[in-house]
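Reading through the structure tokens given below for one structure.
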């Protein structure tokens, strides 16, 4: 008869938690630890995007880099937690994991202030990956270890009688915590509190959880001294860290969508203000008279080039700095000018810093542009598309055949649609323009192209004019005074022979706009 195989040495077991703390109390505290640790991880992840966006843009590249790093670190943390649980199933281990994560989290604002811009020249993919690793790799690994370490403790508290129940409970609590952390940070925290205060408070909560774990372990107070010293130092450093702010910034705030900044340059009649959302400049105006200052913004005048063009209603998709809708309202005082701007804080910024309150006929609507068009039965004579979400990043749902059909349906019969696209006109960097042209031509009978500045093979503001009527003779057959704005617009006209013709049609079902923009950015 075979004999059972005996281990060469007996497995080591830590003191069972139920001998150091009442099981019911320990289980409740352990459940709270797992729940809040899961919530903290998601708060850190979402707030991390707000930390990186002003440097790298609020784009799919930043989110993908950040989420990828967090997932890898969380996976490594899961392995670490399981390993530690087998080595020593003790609440003190959990306490050290939480304490270290707390200290590192509170240090995030200070570390970012030192190294945050160092990856800017590494590109829009390598940069966010590098900074995410520097800031969040260790906190992610440590927090990822909390659940597996807690699972072993939770099982021991039940004398290992219901291991499956313990695994399910810990998994449920961690997931519920992540859910609460996601909703809390996304719907409330990031728009009501500074990034520094969110990181510091999250770290402080993790520190309190560490104290609770040490309490359950009945650890000697002297052994906790390094934890308290480290926590206090991290709290003081994190709370007193000041973000470097350029002297030109006159207003700065975080909203649900962006880091909003208003900068002012020059003085007196030459003073100009610019609206920046995250890392991109969205528009500018001269403070003295409200005139627009960016070259592509001059294209609000295009309807004036056609004699007898009727403009009673205009719509701007994306507010920019409200300069263009305000200029339209000046030129056409009888017209109603609507602005579809998804961020209500941008609208408030426009009222305070960009003269929006001085134009009663300019009506700003806090709504996604496609939703606004879909819910409206109004017809406009002029629609201007200028919505961006990061570096050159046109929201994909505003760059599809279905969206352009919706725009077409909301135009009057002789109305025009003007869209700002950042792309090259010729060469490998013209892939985005090729697709936009192909897609617009599926909907509109007439589409024209204007390269606002620079060489045709380099990315720049490219204006696309689409409508039912033929506007081409205005730019090819007419002559204008060389110093006039009409001549500046006409001189940017791109002949059909120089336009890309190899584009694909973008649809809601298949829209590679993000990938095309990424390829263009990689070539720069």
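No value in this document is a laboratory result; all are computed from the given coordinates. Please read these numbers as outputs of a predicted model, since none were measured by experiment. Neighbour counts are summed over all protein chains in view; Cβ atoms, including those assigned to glycine, are modelled from backbone coordinates with ideal geometry.
Key figures for this structure:
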| read-out | value |
| --- | --- |
| Nearest 10 degrees, 0 to 90: helix 146-157 Cα axis against the chain principal axis | 30 degrees |
| Shape of segment 380-466, Cα gyration tensor, a/c cut at 1.5 | prolate |
| Gyration tensor verdict on segment 418-524 (Cα atoms; rounded if a/c is under 1.5, prolate if a/b is larger than b/c, oblate otherwise) | oblate |
| Contact order relative to length of segment 17-240, as percent, for alpha carbon pairs under 8 angstrom and 6 or more apart | 40 percent |
| Exposure proxy order (Cβ contacts within 10 Å, fewest to most) of 398, 176, 235 | 176, 235, 398 |
| Segment 17-240 - Kirkwood radius from inverse mean 1/r over Cα pairs (Å) | 17.7 Å |
| Principal-axis tilt of helix 91-115 within the chain, Cα atoms, nearest 10 degrees | 30 degrees |
| Segments 181-189, 263-271 sorted - mean Cβ within 10 Å per residue, highest first | 181-189, 263-271 |
| Residue order, fewest to most beta carbons within 10 Å, for 438, 306, 87 | 87, 306, 438 |
| Directionally averaged shadow of segment 97-201, computed from the convex hull of its alpha-carbon atoms, nm² | 8.0 nm² |
| Ranked list, fewest to most other Cβ atoms within 10 Å of each Cβ, for 312, 291 | 312, 291 |
| Helix 431-441 vs. the chain, principal-axis angle (Cα, 0 to 90°, nearest 10) | 60 degrees |
| Centroid-to-centroid separation of segment 467-524 and segment 192-267 [C-alpha atoms, Å] | 47 Å |
| Cα centroid of segment 380-447 to Cα centroid of segment 77-156, whole Å | 43 Å |
| Segment 320-410 shape via C-alpha gyration tensor axes, a/c threshold 1.5 | oblate |
| Fraction of the pair-distance distribution of segment 79-147 above 17 Å, Cα-Cα pairs, percent | 50 percent |
| Cα→Cβ-extended label distance, 7 Å offset, between residue 470 and residue 502, nm | 3.0 nm |
